[in-house]
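Take a look at the structure below.
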Amino acid sequence: MKSPDLEATSGLDFIRTRIAEDVKAGRNGGRVHTRFPPEPNGYLHIGHAKSICLNFGIAKEFGGLCNLRFDDTNPSKEEVEYEESIKRDVKWLGFDWDDRLFYASDYFGQLYQYAVQLIQSDKAYVDSLTADQIREYRGTLTEPGKDSPYRTRTIAENLELFERMRAGDFPEGAHVLRARIDMRSGNINLRDPAIFRVKYASHYRTGSQWCLYPMYDFAHALSDAIEGITHSLCTLEFEDHRPLYDWFLEQLQLPHRPQQIEFAKGFISYTVVAKRKLRTLVFDKRVSGWDDPRMPTLSGLRRRGFTPEAIRAFWESIGIAKRDSTIDVSQLEAAVRDDLNKKAPRAMAVLRPLRVVIENYPEDQVEELDAVNNPEDASMGKRKVPFSRIVYIERDDFRENPPKQFFRLSPGREVRLRYAYFITCTSVVKDENGEVVELRCSYDPATRGGDAPDGRSPKATMHWVSAAHAVRGEIRLYDRLFNDERPSEDEEGDFTSSLNPNSLEVLADAHLEPSLSSAQPGDRYQFERMGYFCADLDSKPGALVFNRTVTLRDTWARIEKGLKKPR
RNA sequence: UGGGGCGUGGCCAAGUGGUAAGGCACAGGUCUUUGGAUCCUGCAUUCGAAGGUUCGAAUCCUUCCGCCCCAGCCA
C-alpha cells in the first residue's frame, strides 16, 4: 500500500493532490471517506474498475473508508442479479466495504423529508405539466426556458400535492416535484430539475412500499451527505451537475458538505463499454452472456483468465486525469502478461497437432523427463513429462518449404523438443490430397534433457506432447470483439457492424500434457510458446476446456504478417 | 449562436516560469532449452495554432482552431 507523502503532492494525480491538501488543512477533521455508487442495472466492466480502484484505493492510501452504495432509485431498471454480480466483482477485484453496504433506497424516507423541507422553504414545487410540456418549457441549449404556470403554487398546496403523490393518489406523470432554481440558467441542469417522480414499478428491495422515487441528483448528493462522504468522485459528464449537487446541500443546510470531483472515463480500444451496448451484445446473443470471455465486463475478464492484480496494475499505470482517452488494448494485455509471467505455471499443450514418429526411438520405451514449472520462479518446482516414440508437435512448427526466416522444423532440419531430445525430420508422410499428415524423424540419444554434449544448439526449441499420454481438451481462442479501434455506429445507430466474426475460434482436439488433466476451473497456465490460458467454468475432468487469456509476444507471427522486418 | 470541460510523441501520462519524467507500443542489441521473459540502447529542439510578456514560457496574457459533455419524470 502506498502512503502518499502529504507534504509533497508532486507525482500524485490531481484528485489525490486535492485530497492530500484537504487532509493537510484539516478539512473534514482530516477524514477521507469515499464511495463507489453503482446502479444495479448491469454488470460491472473494465471502466468501472477504474472508479473502484480510485475510490477504494484512495480510502486505503489515506487511511480512510470507502462505502459500497447501490444507487437504486429507478425500480424499473434494477434487479438483484445485478447487485449480486456487482458485489462479487468488487470483492474479486480485491476490495472490501466491510459493514458499509448501503442503498439509496435505505434513505427514501429521509429523502422524502428533505424534499418536504425544500417545499417548506419554497425551494421546490409540484409541477403538473406533462412530460412533453416540461421539455418545451425547458428551452434549448441556446434559448432560455420559461417558468411553468404551476411554479407559483403556494407552499401549502405543494405540501398537500406532494403528500398525495406519495399516497398514490395520482397516476404516473401527472405531477412531478421540481426544484425552484432558474429556468433561464445557461446550465440546463439548473432549469428547475425534477427531484421526485411517481412510478408504480415494484422496487427490487422496497417492493411496493413507495410509488415516489427520487431522481439521481437529489438522491446522490444527499446520500453522500448522509454517509459523511468527504470526496464524491465521479466522471466528467457530471461536471455540470456539480452546481446542482452543491445547491441541494446548500438549501438543506446539511451539517456535512461532501465535495464532488470529476475525472475522465477510460475507454479501451476495440471494445465497447456503454451499458446499452453491452446489453445489446448479451440480449441479442452476439456473445454467450455477461461473462463471455470476450466481454470487457469484469466477469468476462475473470472467465477469460485475467487476474485482479493485472487489472489494478493496469489502471494504476494509466493514472487519473480529465482528458478523454481511449487506451490501447495492448496496454491491458501487457498488464496481464506481466502478472501471469510471474505466476502462471508452464505446461505444454499442442493446439493443432501434427503426428511425429521418432523412428530410432525404442518402440515400447517411455521416459519421464524433468520440466521446470516456471523459469521465473524456481520455488514453483519441477514436474515429470512422459516422452515416447510418437509425439505431437504444433502444425505451425513444421514447414515443408520454410521461408528464409523460419527456423523451426523442416525436412532435414534438427530442432530441440523442450526438455527432451533433438530430433531431425527425415521424411514427410502425406495423404491423397498432398497434405502433410505425419513426420518421420530421428532423435539423438545423446541430447536427453535438451543439451548436446558437443555443445551444438538448434535455433528452435519446440513444445510437444507424447501421443500415448496426451489428454484431449477443447481450447477457445479469443480475439478482439470488434475490428474497429473505436466501434462506431452507422446511420441506424447500429454499432455491431464492426463486430469481429472471428473473435472466437474453437479447437476441439488439442493434445495436452497429462499433468493438465487435474486442472480446475479458474486455474491459469502458460502453455509454452502459445500464451496464457485459463481452465473455463465449463471445464471438467475428462472434458477439459481452456480459454486463451492472451497470446505471448510473438516475434515470428509479426515477421510472418509483415509487421516486423526479419533480422 | 447558451453552459461546462479538455488539447504534451502512435496510445496513456508527469510537469503549474528555469530549459520535456514514466508506462505501453515501436526500433536495434544482449541473453536465452519458450522467436517468451530478462537486460541495455534509441525514440517530442518541442508541448493544438498564432501573437505578446519575460533574461527565460508547455507553464503567464490575448486571439484563434479542434475535440468531448448537457435540452430523461435515466444514472
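The values are calculated or read from the model by the stated rules, or taken from the named source; none is laboratory data. These figures come from a predicted structure and were not determined experimentally. Here the Cβ is made from the backbone with ideal geometry for all residues, glycine too, and neighbour counts use every protein chain on show. Areas reflect the complete protein model, heavy atoms only, side chains present, ligands, DNA and RNA absent. Shrake-Rupley method; radii C 1.70, N 1.55, O 1.52, S 1.80 Å.
The table below gives the values:
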{"read-out": "Selection of GluC sites (Glu not before Pro), region A:308-364, meeting DSSP coil and at most 10 other Cβ within 10 Å", "value": "A:Glu363"}
{"read-out": "For peptides A:214-221, A:197-204, sequence by mean Cβ density within 10 Å, most packed first", "value": "A:214-221, A:197-204"}
{"read-out": "Relative packing of peptides A:247-254, A:419-426 - highest average C-beta neighbours within 10 Å first", "value": "A:419-426, A:247-254"}
{"read-out": "Percent accessible area from carbon and sulfur atoms, chain A, protein chains only, probe 1.4 Å", "value": "46"}
{"read-out": "Share of pairwise Cα separations in region A:289-368, more than 16 Å, in percent", "value": "68"}
{"read-out": "Stokes-Einstein D (µm²/s) once Rh is taken as the Kirkwood radius of region A:444-567 over alpha-carbon pairs, at 20 °C in 1.002 mPa s", "value": "121"}
{"read-out": "Spatially proximal aspartates and glutamates relative to A:Lys123 (Cα-Cα < 13 Å; intrachain offsets below 8 disregarded)", "value": "A:Asp182, A:Asp192, A:Glu250"}
{"read-out": "Contact order relative to length of region A:329-390, as percent, for alpha carbon pairs under 8 angstrom and 6 or more apart", "value": "34"}
{"read-out": "Mean separation of Cα contacts under 8 Å, 6 or more apart, over the residue count of chain A: relative contact order %", "value": "11"}
{"read-out": "19 Å Cα-Cα reach of A:Lys459 towards aspartates and glutamates, excluding residues that sit fewer than 8 places from it in its own chain", "value": "A:Glu394, A:Asp396, A:Asp397, A:Glu400, A:Glu414, A:Asp444, A:Asp451, A:Glu528, A:Asp554, A:Glu560"}
{"read-out": "For peptides A:264-270, A:174-180, A:431-437, sequence by mean Cβ density within 10 Å, most packed first", "value": "A:174-180, A:264-270, A:431-437"}
{"read-out": "Percent of Cα-Cα distances greater than 40 Å, calculated over chain A", "value": "42"}
{"read-out": "Over 26 Å between alpha carbons, listed pairs A:Lys24/A:Lys265; A:Lys342/A:Lys382; A:Lys277/A:Lys540; A:Lys87/A:Lys277; A:Lys77/A:Lys146", "value": "A:Lys24/A:Lys265; A:Lys277/A:Lys540; A:Lys77/A:Lys146"}
{"read-out": "Hits among aspartates and glutamates - C-alpha to C-alpha of A:Lys384 under 14 Å, sequence gap 8 or more where chains match", "value": "A:Glu367, A:Glu368, A:Asp370, A:Glu513"}
{"read-out": "Per-selection Rg to Rh, region A:39-88 - Cα, Kirkwood hydrodynamic radius", "value": "1.03"}
